[in-house]
Amino acid sequence: MQCNFDIIYDRRNTCSLKWDCSEKIFKDKDILPMWIADMDFIAPQKVIEAIKKRNDHGIFGYMESMPEAYCNAIISWVQKRHQWKIKDEWLSCTPGVVSALSTAIMAFTKPGDRVIIQSPVYPPFYTIIKNNDRQIVDNPLKFENGSYEMDFIDLEKKMKSSIKMMILCSPHNPVGKVWSREELTKLGELCLANNVLLVSDEIHSDIVFQNYKHTPVATISDELAHNSIICIAASKTFGIAGLTTSSVIIPDVKLRTKYENKIQSMGLDNVNIFGIIASEAAYKYGDEWLEQLLVYLQENLKLLQNYFEENIPEIKVIKPEGTYLVWLDCRQLGLNPKELWKFMIHKAKIGLNDGATFGTGGEGFLRINIACPRATLVEGLKRIERAVKWDSHSVSL
């Protein structure tokens with residue numbers, strides 16, 4: 001069935017963080033929200049039908065935490081999309097990937113322990129480390145010739161300084177990097193050599209553009225698989241983040257037991273009925289929908305790149321290899337981070353993510369979400385263009 005991603009759905013008055021909270025967040029009622037990683041597309045029809053069918057039953061009691069059908073759907077999906085054969089006993093359920101990462105920190109490190117991240121990176125990485133009284137060790141990505149790479153020299157040096165854990169973002173949010181098998185192999189070898197547990201956030205693993213391929217880090221070697229915790233979800237892929245259901249893949253039985261004991265001790269082992277039902281349906285029937293989505297996103301990306309090149313050359317697009325989030329280099333506008341933030345809100349009337357919140361290397365950058373109908377994307381780009389040209393014109397006068 002052909003999907004129409006051009007339809008604009010009114011998301012206001014649905015308790016949407018993206019739409020209903022924009023005025024509160026940006027202090028402006030006329031903001032076009034293109035920030036949080038939340039798609040503006042309706043979910044696959046099979047997902048909607050599965051939720052409706054379960055809703056019609058009318059009884060919503062406690063649910064089995066890892067139903068067999070749900071596990072089988074994940075196993076089949078991961079095998080088909082990423083050529084990784086996992087086992088049902090490796091799976092645990094969690095309310096979300098951020099919850100899973102926080103649980104891993106509490107289960108496998110102690111207060112004061114050192115955890116590596118690679119900035120600029122998803123802001124909750126900083127929060128969960130700090131809030132659990134662990135120390136952040138930053139291994140900033142290298143930005144060269146418009147692309148990001150891992151700094152392995154710096155990483156190796158820091159791994160020798162009593163590091164307990166590394167949190168990897170794969171594909172990387174916000175820079176859109178899809179790490180190659182060679183890069184992940186080198187990373188894995190460093191983790192094993194220095195006894196560093198690797199926790200990989202792979203929530204965007206299904207949103208990968210043409211000519212790129214996501215590699216689950218645990219597939220690099222059996223040894224690395226037993227030193228890895230992999231976090232996935234259908235939430236970003238199929239637009240069901242509000243159903244708060246994610247999965248954790250832990251091949252090593254000792255690590256898995258310790259993780260599950262921790263999540264049970266916090267009372268987070270109960271699951272969301274509709275999240276399980278929706279995720280199962282998405283994984284079982286969502287292939288065709290996802291393939292069409294990827295084509296649409298690729299076209300949105302091409303439009304965005306061309307628009308900036310032709311109309312707003314002051315802003316450079318860091319071409320993503322995966323995710324529907326695009327990292328924009330706005331440093332040529334000559335604004336400091338606070339000025340850039342205010343400029344986009346008050347002059348362009350568009351809500352984007354402030355690059356400074358992603359840590360080292362994020363200053364002067366913004367993150368835009370292109371998972372929206374094309375008309376919405378064009379409107380956002382026109383707002384930015386008008387603001388930049390008006391500002392340049394006013395300065396020249």
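The values are calculated or read from the model by the stated rules, or taken from the named source; none is laboratory data. None of these values were measured; they are calculated from a predicted model. Glycine also receives a Cβ, built like all others from the backbone with ideal geometry; neighbour counts cover every protein chain displayed.
Please list, ordered by residue number, the strands (runs of 3 or more DSSP E) wholly in region 113-174 having 3 or more residues that are in contact with a strand residue (DSSP E or B) (Cβ under 9 Å, 6 or more places away or on another chain).
On the way: elements: 114-117, 135-138, 142-144, 147-149, 163-169.
Fully inside region 113-174 and qualifying: 114-117, 135-138, 147-149, 163-169.
Taking the criterion of being touching a helix residue (DSSP H, G or I) at 6+ places or on another chain (Cβ under 8 Å), modelled with pLDDT of 95 or more, within 24 Å of THR357 (Cβ to Cβ) and among the polar types (S, T, N, Q), would at least one residue in region 56-78 satisfy it? No, region 56-78 contains no residue that is touching a helix residue (DSSP H, G or I) at 6+ places or on another chain (Cβ under 8 Å), modelled with pLDDT of 95 or more, within 24 Å of THR357 (Cβ to Cβ) and among the polar types (S, T, N, Q).
Kindly provide the set of residues from region 349-376 that are surrounded by 22 or more Cβ atoms within 10 Å (Cβ to Cβ) and without any contact (Cβ under 8 Å) to a residue 40 or more places away in the chain, ordered by number.
Filtering region 349-376 down to residues surrounded by 22 or more Cβ atoms within 10 Å (Cβ to Cβ) leaves 350-353, 355, 358, 362, 365-372.
The one that is surrounded by 22 or more Cβ atoms within 10 Å (Cβ to Cβ) and without any contact (Cβ under 8 Å) to a residue 40 or more places away in the chain: LEU366.
Here is a check on your reading of the model: is ILE36 of a type outside the set (Asp, Glu) and at pLDDT 95 or above? Taking the combined requirement at face value, the residue satisfies it.
Annotation: ASN13 fulfils all but one of (1) among the polar types (S, T, N, Q); (2) in contact (Cβ under 8 Å) with a residue 60 or more places away in the chain; (3) farther than 30 Å from LEU168 by Cα; the unmet one is (2).
Any residue at all in region 115-132 that is farther than 24 Å from VAL248 by Cα, loosely packed, with under 15 Cβ neighbours inside 10 Å, at pLDDT 95 or above and not hydroxyl-bearing (Ser, Thr, Tyr)? No, because not a single residue in region 115-132 is farther than 24 Å from VAL248 by Cα, loosely packed, with under 15 Cβ neighbours inside 10 Å, at pLDDT 95 or above and not hydroxyl-bearing (Ser, Thr, Tyr). Would you point out the residue of region 12-41, among those that are of a type in the set (D, E, K, R) and under 21 Å from the mean Cα position of the chain (by Cα), that is farthest from ARG367 (Cα to Cα)? Per the criteria, the residue is ASP40. Within region 202-217, residues that are at pLDDT below 95 reach no partner that is of a type in the set (Val, Ile, Thr) and surrounded by fewer than 24 Cβ atoms within 10 Å (Cβ to Cβ) with beta carbons closer than 7 Å at six or more positions or on different chains.
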